[in-house]
C-alpha cells in the first residue's frame, strides 16, 4: 500500500480508498467521541528562533550552521512552555555541540498545518534576501491523517517541498508521520485504523523522500511504545501533543541523522551494523520496517538517488545508537 501511495503521488494519481462504507461510519462515530476526550491547545508555541552554541564562536570561524524547521505543531513545539524544550531548540543545541560551531535556527512550522502549508513554509526559508539553510527538518503528516487528506496528495505535497529544498542546496531530513494509534484517549477500532493509516503514510513518505536524496527518521516513537508505556510523562496536558520529555525523545532520535547529513557523525557509525539489524534493503521494505520502529533512519543506498537493482531502488536502514538529550542551554531572547 505504501508503494501504491508513493506511486500515485509521483504520477499525479488520486486518493486511494482504504476503508469500506460501513467502516467509515463506525470511525466517524469514534472520531466524535475521541474529540470530546482529547483536549486541544490554543496556546502559541514558544519562539525558539535564534543562535545556539554561542560559546563555540571564534574569530575568523566559518559562519554558523543554518538549520531550518518546517511542519506542524510537533515541529513548532506546541504543548511546552519553554523555548528550550521544543524539538527545534534541542536539535539546534545538540548540533552546535557536535559541530562546535554556532547554529542559527529558523523555525517556520505552523500548528495545525497540513502538507498543503509546506509550499508557503519553504518559500519563507528560501527567502532570496536571506542565506538558505544548510539543513532542514520537516515534521508533517499527523494532521493529514486526522483531516482525511488523500495520502497520495499528502506525499506529493511533501515531495514538492523536499525537491525545492534539495534544488536550493539544502540537506533534508523528514520526521515521518507519528503513530497516531498510541494517542491514549482514542478507542478501538479507531486506534487500530489510526495506527495503520499513519504507518502507511509514514512508509510512503519515506519512499518519496529517499527517492529525492533526502533522509527520513521514523517518529513512531514520538507517539509510540514509550508513550503507551508512560503516557502521563510523555504526553502534554492536552493528551495529544508531547510533553517536554516526549519532544526530547523525538529530538534525540533525529539529531544523529541531522549531524550525519553534514558529515559530523563518526565515520564508523555510518557503516551498517548487522547486530542492530541495519543493512541494505529495497526502499519499500526499508520504509515499512522503519514505520514500525521509531527512531529508524532510511537513506538512499549510495548517497544518491540512483542506487537501484532488480528489486527496485535500494536504501540503507539504520538504527543509530541514541543517548538521552536534555536541554542544557536556554533559548535566545
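Quick notes on this one:
- Note on the range 51-128: along the principal axes its Cα atoms extend 42, 32, 15 Å, ordered by decreasing extent.
- Using R0 = 35 Å, the C-beta based FRET efficiency linking residue 49 and residue 148 works out to 0.60.
Every number in this text was worked out from the coordinates using simple rules, so none of it is lab data. Remember, it's a predicted structure, so these values are computed and weren't measured experimentally. Virtual Cβ from ideal backbone geometry, glycine too; neighbours counted across all protein chains shown.
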